[in-house]
1. Testing residue 127 on (1) closer than 30 Å to residue 89 by Cβ; (2) buried (at least 18 other Cβ atoms within 10 Å of the Cβ); (3) without any contact (Cβ under 8 Å) to a residue 40 or more places away in the chain, one condition comes back false. Which one is that?
2. Restricting the search to region 45-89, which residues are out of contact with any helix residue (DSSP H, G or I) (no Cβ under 6 Å at 6 or more places or on another chain), under 15 Å from residue 182 (Cα atoms) and without any contact (Cβ under 8 Å) to a residue 40 or more places away in the chain?
3. Take residue 76 and tell me if it is out of contact with any strand residue (DSSP E or B) (no Cβ under 8 Å at 6 or more places or on another chain) and at pLDDT below 90.
4. Under the condition of being under 15 Å from residue 69 (Cα atoms) and in a loop (DSSP other than H, G, I, E, B), which residue from region 180-209 is modelled with the lowest pLDDT?
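The values are calculated or read from the model by the stated rules, or taken from the named source; none is laboratory data. Source: prediction; values computed, not measured. Using ideal geometry, Cβ is built from the backbone for each residue, glycine included, and neighbour counts are taken over all protein chains shown.
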């Protein structure tokens, strides 16, 4: 399996804007099945999501992303997944080839932490791949997609249109399966929020995965 690592997710940027509404009362922001999410983890992840400050990410979205990460890592442990040092090194080499230097991740002192972030991301991706591996794109799915974008495919033969949109249709289905799985895990987990940030409520029909 090819290891894909998002530079934007793994590199800690400067402190994020828009965190003033989140108080500093205590180090733990939340617990996910007893595992804490600290203020430092929250602020670092918020900075990554917001990048250079060009866009604002609401606190609930940052916190939910961290909750999702914790749930995926817990699932990885339950499944016995592990990421080897060789896989981490391969990912780091890929990023070096993309122009990421040790200086960008805090120099030599930050390399171990950066390596751990890569390991976490690879575990997250491995769980997502396992959860969504059964996704199958049907002709009905493709036709529904083409109906939504009919103006773009007028006069295009079915084989050509199918070949062009099938990757996008598959990604939509994968995203939905993954989103539904995460929603189910949140619903069935013990999540304690210690700051005034509300996560979206679960659907009345939500069930455990």
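1. (3)
2. Selection gives 61, 65, 70.
3. Values: out of contact with any strand residue (DSSP E or B) (no Cβ under 8 Å at 6 or more places or on another chain): yes; at pLDDT below 90: no.
Answer is no for this residue.
4. Residue satisfying both the conditions and the ranking: 199.
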